[in-house]
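*Asks:* Below: one structure in structure tokens.
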Amino acid sequence: MNLQYFQLAMDFIERSKQVSSLEELGAAFQAATKSLGFDYYACVSCVEFGALPEGSVFLADYPDDWTKYYLEQEYERTDPILQVSLKEHMPFNWDNKINHRVLTPEQTEMMGEAEDAGLLYGVTVPIHIVGAFPGAVNVVGDNRDIDPAAEHAIHLMSVYLHDAALRVATQNNAQPKAVAKLTPREKECLQWVAAGKTDWEISSILSIAERTVHTHVESAKSKLGVSTRVQAVVKAFLTNLIHH
């Protein structure tokens, strides 16, 4: 990850630890993504938006007219972006992942209406966390000339945004949770994962086998209750198990 983008992501994570409301959290995320060239964002659970169940997330700043229309039309039921996010685990941009040739007429109409509202180009980060509704974070704008390297920062910030939004939204009712206990080597490996190093690179740095690095990272993921390396890094930052 470009150091500038990595610093931007770390600054957002640190800022998010201090917020006490969803409004503050959303403003911090939007400020960060605007600096990358995006105008709007949405962090949502893949549920019926008309009656959000407990434990779901809906945090967004899209054009008001579009948001109102989207909810009125119940587009969350057929939104191709949300449908793809349910099947994918890695971030994707709409140009590369949305095949317009296989969209239904309703989906084609919806995507056309979104473009009319200024939502031309987007990057989506699917969210799949143990014990939570599946979700997605979208960052959207009208400019396709975005540095592809910025998507790594978006990935890291989006996973943390969802986690923080869920925490803030439920903090009044949440029960204290035991902090995961990682071994020193697991923390060390995650610290290097956070720096963008591969298992092979970490094995060279720590003078241990690549397979051993993989085992440590997988063990940390299991203890933290997450399914991806990025989620493990984010949760480790959140609980101060590793530090920038």
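The values are calculated or read from the model by the stated rules, or taken from the named source; none is laboratory data. For clarity, every value in this text was computed on a predicted model and none was experimentally measured. Neighbour counts are summed over all protein chains in view; Cβ atoms, including those assigned to glycine, are modelled from backbone coordinates with ideal geometry. Protein only, heavy atoms only, side chains kept; ligands, DNA and RNA dropped before computing areas. Shrake-Rupley method; radii C 1.70, N 1.55, O 1.52, S 1.80 Å.
*Asks:* With springs only between Cα atoms under 10 Å apart, run a GNM on the chain and tell me which of 127, 98, 208 wobbles the most.
*Replies:* Taking springs between Cα atoms under 10 Å, the residue moving most is 208.
*Asks:* Using alpha-carbon pairs under 8 Å, 6+ residues apart, how would you state the relative contact order of the stretch 44-182 in percent? If you can, show how the numbers build up before the last one.
*Replies:* Details: 151 pairs, mean separation 36.8, N = 139.
Worked out over the stretch 44-182, it gives 27 percent.
*Asks:* Next question. Just grab the label-to-label distance for residue 77 and residue 167, each label 7 Å out from Cα along the Cβ direction, in nm (one decimal).
*Replies:* 3.6 nm
*Asks:* Based on Cβ point charges of +1 for Lys and Arg and -1 for Asp and Glu, what charge dipole magnitude is obtained for the stretch 71-194 about its Cα centre, in debye rounded to the nearest 20? Don't skip to the answer; put the middle values down first.
*Replies:* Details: 10 positive and 18 negative charges, 200 e Å.
So the magnitude is around 960 debye.
*Asks:* Please identify every one of the GluC sites (Glu not before Pro) in the stretch 148-227 that sits in a loop by DSSP and has no more than 16 other beta carbons within 10 Å of its own beta carbon.
*Replies:* On the way: sites: 151, 186, 188, 201, 210, 218; in loops: none.
Filter output for the stretch 148-227: empty list.
*Asks:* Another question about this same structure. Taking 0.36 nm per residue of sequence separation and subtracting the Cα-Cα distance, how much length would be gained by fully extending the chain between residue 101 and residue 4, in nm to one decimal?
*Replies:* Values: separation 97, 0.36 × 97 = 34.92 nm, distance 3.73 nm.
Taking 0.36 nm per residue and subtracting the Cα distance, the gain is 31.2 nm.
*Asks:* Divide by every residue of the chain the summed helix terms, -39500 (n - 2.57) for each DSSP H run of at least 4, and state the resulting mean residue ellipticity at 222 nm, rounded to the nearest 500 deg cm²/dmol.
*Replies:* On the way: 11 runs with 125 residues, N = 244.
Calculated mean residue ellipticity at 222 nm is -15500 deg cm²/dmol.
*Asks:* Counting only complete DSSP H runs, which helices of the chain cover 27 Å or more along their long axis at the Cα atoms and score a mean Kyte-Doolittle of 1.0 or above?
*Replies:* The answer is none, since no helix passes both cut-offs.
*Asks:* Between residue 142 and residue 201, what's the calculated FRET efficiency when r is the beta-carbon distance and R0 is 30 Å? Round to 0.05.
*Replies:* Values: r = 37 Å, r/R0 = 1.25.
Calculated value: 0.20.
*Asks:* Moving on to the next point. Keeping every protein chain present and rolling a 1.4 Å probe, give me the accessible area per residue for the chain in Å².
*Replies:* Details: 12320 Å² over 244 residues.
Spelled out: the 1.4 Å probe surface of the chain, per residue, equals 51 Å².
*Asks:* Could you work out which residue, out of 85, 207, 56, moves most in a Gaussian network model of the chain, that is, has the largest mean-square fluctuation with Cα springs under 10 Å?
*Replies:* With Cα springs under 10 Å in the chain, the top fluctuation among 85, 207, 56 is at 207.
*Asks:* Next up: Compute, for the chain, the length of the dipole vector about the Cα centre, with Cβ point charges of +1 (Lys, Arg) and -1 (Asp, Glu) only. Units Debye, rounded to 20. Walk me through the intermediate numbers first.
*Replies:* Numbers: 20 positive and 32 negative charges, 311 e Å.
Roughly 1500 debye, rounded to the nearest 20.
*Asks:* Under the 0.36 nm per residue contour assumption, what length would be gained going from the current alpha-carbon distance of residue 243 and residue 67 to full extension?
*Replies:* Between residue 243 and residue 67, full extension yields 59.6 nm more.
*Asks:* With springs only between Cα atoms under 10 Å, which of 78, 170, 104 fluctuates most in a Gaussian network model of the chain?
*Replies:* Taking springs between Cα atoms under 10 Å, the residue moving most is 104.
*Asks:* Right, another one. If you average the sequence gap of Cα pairs under 8 Å that are 6 or more apart and divide by the length of the stretch 109-153, what percent do you get for the contact order? Display every interim value, and only then the final one.
*Replies:* On the way: 41 pairs, mean separation 16.0, N = 45.
That works out to 36 percent.
*Asks:* Under 16 Å between alpha carbons: how many lysine pairs meet that in the chain, if sequence neighbours fewer than 8 apart on the same chain are excluded?
*Replies:* So the count of such lysine pairs works out to 13.
*Asks:* Could you check how much of the accessible area of the stretch 1-160 is carbon and sulfur, as a whole percent, using a 1.4 Å probe? Could you put the intermediate results ahead of the total?
*Replies:* Numbers: 3850 of 7730 Å².
Carbon and sulfur together cover 50 percent of it.
*Asks:* Classify the stretch 114-164 as rounded, prolate or oblate from the Cα gyration tensor: take a ≥ b ≥ c as the square roots of its eigenvalues, call it rounded if a/c is under 1.5, otherwise prolate when a/b beats b/c and oblate if not.
*Replies:* Working: a/c = 3.27, a/b = 1.63, b/c = 2.01.
It comes out oblate by the Cα gyration axes.
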